[in-house]
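Structure first, then comments.
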Ligand SMILES: [Zn+2]
Ligand SMILES: [Zn+2]
């Protein structure tokens, strides 16, 4: 962090604290008045689906009823993903979408500590094992347009509170991929082929380390899968995946 960066973040912290004291606190999702700042109202809380056990030991998808032993879903048995384990805090649905998209595009960075705390809970086992946190990168042109990468913001918040170092420049997005929203699973996989690489100068931040890859949403797994493969090829000992939300 440069002195200017830290001065900016101190100033931002002071500004946030002053605003919190002056303005009535509002729900971070719907804007209704609440009793504490940077939290959700009861209605928004109760609509969110937090992912809980029983879940697949590999992909983290919740089961309706737990199979005996170490539960692994049929999808993971037939088609093992490149990461070791994936965990997410929330189901990505009608209720969580405004929160996730507001954080991604809407400058709702005041949500960071709340969302990171949920992720830390969901990924406690993964974090206990992690030696380095790596956010899924944006292409630099998209980063300029959006001004921040939501995955990097979450990665730093989780790193700060857990003490696990963050390598936010080791993995880079070299191909500008079109939006994945309307693509099929195989189109998504093709879309991100060759999109990522590990910066040669920063390979030592990854090599022989247990990596925790962090992103905001897990949908088809194509993006996270491409990142995990590139990290493993660069010598990562293992890759776990932690996201804020996932399609269930
Ligand atoms: Zn609300
Ligand atoms: Zn699974």
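Laboratory data are not the source of any read-out in this text; all were calculated from the coordinates shown. In this text, all values refer to a predicted model and were calculated from it rather than measured experimentally. Heads up, the Cβs are rebuilt from the backbone with ideal geometry, glycines too, and the neighbour counts pull from every protein chain shown.
Points to keep in mind about this one:
- Centre-to-centre separation between the Cα atoms of the range 164-178 and those of the range 74-138: 16 Å.
- Gain on full extension, evaluated as 0.36 nm per residue between residue 35 and residue 186 minus their Cα-Cα distance, stands at 49.7 nm.
- Prolate/oblate/rounded call for the range 75-169, Cα gyration tensor, a/c under 1.5 rounded: rounded
- Residue 176 paired with residue 145, simple spin-label distance in nm, labels 7 Å along Cα-to-beta-carbon: 0.7
- Given in Å, the Rg to one decimal and the Dmax to the nearest whole number for the Cα atoms of the range 27-126 are 15.7, 48.
- For the chain: relative contact order, % (alpha-carbon pairs under 8 angstrom, 6 or more apart): 20
- Taking each DSSP H run with n ≥ 4 as -39500 (n - 2.57) and averaging over every residue of the chain yields -11000 deg cm²/dmol at 222 nm.
- Three-way shape label, the chain, alpha-carbon gyration tensor, a/c 1.5: oblate
- Residue 46/residue 200 FRET efficiency (R0 51 Å; Cβ-Cβ; nearest 0.05): 0.55
- Note on the range 182-240: Rg/Rh from C-alpha atoms, Kirkwood Rh, equals 1.00.
- Among 110-118, 161-169, 132-140, 27-35, the peptide with the highest mean count of other Cβ atoms within 10 Å heads the list, and the full ranking is 132-140, 110-118, 161-169, 27-35.
- When peptides 52-64, 218-230 are ranked by their average number of other Cβ atoms within 10 Å per residue, the highest-first order is 218-230, 52-64.
- Shape of the range 101-248, Cα gyration tensor, a/c cut at 1.5: rounded
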